[in-house]
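Beneath this line is the structure, given in structure tokens, with notes to follow.
The values are calculated or read from the model by the stated rules, or taken from the named source; none is laboratory data. It should be emphasised that the depicted structure is a prediction, and the values quoted were computed from it without experimental measurement. So basically every Cβ, Gly included, is an ideal-geometry build from the backbone, and we count neighbours across all protein chains shown.
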Amino acid sequence: MKKIFKCAMLLMATALLSATLTACSDDNENSSSDNNKKNAEANVAAMQALTKQYLEAVVYPTYKSLADKTEELANQLADARDAIKEDRLTDADLQQIGNTFLSARAYWEASEAFLYGPATTFGIDPHIDTWPLDVDALARGLNNAAVLGKIEEVGAGELAPTLLGFHAIEFVLFRDGQLRTVAALKGKETDEAFANVDITGIQELTYAAAVADDLMQKCFELQVAWMGEKAGDRVALVEEEWELETQIGDDYYGDNMLNAGNAGSSYRSWQSVLVAIFNAGCSNISNEVANTKIGNAWNAQVYDYIESPYSKKSFADFYDNILSIKNTLYGGVGLDKPSDNSLLSLAAAKNPSLASELQAKLDAALKAVSTCMQDKAFVDIVTELQAGKATKGSYPNVQAAVDAINALDDQLQAGAKWAAEIE
């Protein structure tokens, strides 16, 4: 009897222990589930705040500044067109126009880490930034009274992309890295494509003013397409007067991004937003700078494929492209350190080694391109290569910049992979 009672007590204790362990296991599972849910909610909140910061402190102000400057440029060139006809254009006027052009150009280059939006969808990027300029076609067009008359009457929008945008205006304003003078515009056009035609400064500035007006319209379209009603009076101007496209589905591009994970948004999750920023945005432009903008002339020896050859600002363009990546990663324009709601700050909290490598590679790329800016202009370097007067080894800073930018690109792609795996 004693033995039977002892066994019964042992069975009861085992059952109680089993029940206790099961209850503890359930509690642990519930606790773990609750923690996972809280972490996921915190990550979503962080990604949402990051995206809002990115739009409001990087994308929107960059495109607003670009639109403002191109409007100023269009107005100045229209005034210059009239002034040269009335023989009252001055070199000081041209200096002011040149400064405005370079400022507008810098804002455009500093936007190229977010070309994946309307700049690509609506074909704005190739419309306003195709190079090389087709100078032969330009000479023929300006020598044709009917063509020039049509440009004056209906604008430049129907011209081929190789005759539009920044580089068309650059050609009229700059030569051999210097701003042109009133005397130069009144004299014989020096470009060899114009050898057999007689083109005046009046014709060139008429053309440049029309191109600048078209450029302004496209930059207004970019601003409205991202900002929507936040762009104010420009919305009606772009959508009603000019009838340009501005929306993806029923949303403007900024609203579409902020609606990530909801029906109607092109972004299925907040993670996909971050992947787009890293990959379609930052990695896309870093790869293009290293392997196309520099690489085509440097490696593939496509010598006429050089951006900004007339102003000789190629390296400045490349620097501003990398700066667009910095602004994106920092969550703001002109910041000395990443904002709290930024890609780099989120990476630092979740993946410190990735954040450290991104910062290091970003700094190295900016420094490498900045060093190139102290060398000869890229177009002059390439001209020397083409003529056999120098080798690539003569300009090690260029190769160092290509390598540094490609190293940054590798880290940006690693960032996209990390962002896709955030839970």
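For the reader, a short list of remarks on this structure follows.
- Residue check for TYR303: assigned to a loop (DSSP other than H, G, I, E, B), in the same structural domain as ASP380 (by TED's automatic domain parsing) and not aliphatic (A, V, I, L, M): yes
- Screening SER311 with (1) surrounded by 21 or more Cβ atoms within 10 Å (Cβ to Cβ); (2) part of a helix (DSSP H, G or I); (3) touching a residue at least 40 places away in the same chain (Cβ under 8 Å) gives one miss only, at (2).
- Unique match (being in the same structural domain as THR292 (by TED's automatic domain parsing), closer than 23 Å to SER311 by Cα, touching a residue at least 24 places away in the same chain (Cβ under 8 Å) and in contact with a helix residue (DSSP H, G or I) (Cβ under 9 Å, 6 or more places away or on another chain)) among VAL382, VAL333: VAL382
- Count - residues of region 229-269 that are out of contact with any Leu (no Cβ under 6 Å at 6 or more places or on another chain) and part of a helix (DSSP H, G or I): 15
- Among the residues of region 364-408, those that are charged (D, E, K, R) and part of a helix (DSSP H, G or I) comprise LYS367, ASP380, GLU384, LYS392, ASP403.
- Candidates LEU148, LEU164 - the one that is buried (at least 18 other Cβ atoms within 10 Å of the Cβ) and within 24 Å of the chain's Cα centre (by Cα): LEU164
- Qualifying residues in region 393-402 (those that are out of contact with any Asp or Glu (no Cβ under 9 Å at 6 or more places or on another chain) and surrounded by 13 or more Cβ atoms within 10 Å (Cβ to Cβ)) - the one nearest to LYS293 (Cα to Cα): VAL402
- Boolean, ILE169 is surrounded by fewer than 20 Cβ atoms within 10 Å (Cβ to Cβ), of a type outside the set (Gly, Ala, Ser) and part of a helix (DSSP H, G or I): no
- Residues in region 328-343 that are buried (at least 20 other Cβ atoms within 10 Å of the Cβ) and either within 18 Å of the chain's Cα centre (by Cα) or among the small types (Gly, Ala, Ser) (or both): 7 in all.
- Of all residues making up region 218-230, the number that are surrounded by fewer than 24 Cβ atoms within 10 Å (Cβ to Cβ) and either closer than 20 Å to HIS127 by Cβ or touching a residue at least 40 places away in the same chain (Cβ under 8 Å) (or both): 1
- When the residues of region 61-115 are filtered to those that are over 29 Å from GLU229 (Cα atoms) and under 25 Å from the mean Cα position of the chain (by Cα), the one that is surrounded by the fewest Cβ atoms within 10 Å (Cβ to Cβ) is ASN99.
- Residue check for LEU102: part of a loop (DSSP other than H, G, I, E, B), in the same structural domain as LYS186 (by TED's automatic domain parsing), over 15 Å from ASP213 (Cα atoms) and touching a residue at least 12 places away in the same chain (Cβ under 8 Å): no
- ASP198 being touching a residue at least 12 places away in the same chain (Cβ under 8 Å), assigned to a loop (DSSP other than H, G, I, E, B), acidic (Asp, Glu) and more than 18 Å from ALA67 (Cβ to Cβ): yes
- Any hit, region 117-140, residues being free of Cβ contacts under 8 Å to residues at least 40 places away in the same chain, over 24 Å from ASN196 (Cα atoms) and among the polar types (S, T, N, Q): yes
- Matching entry among ASN291, ASN341, ASN327, ASN279 (being assigned to a helix (DSSP H, G or I) and within 20 Å of PRO61 (Cα to Cα)): ASN327
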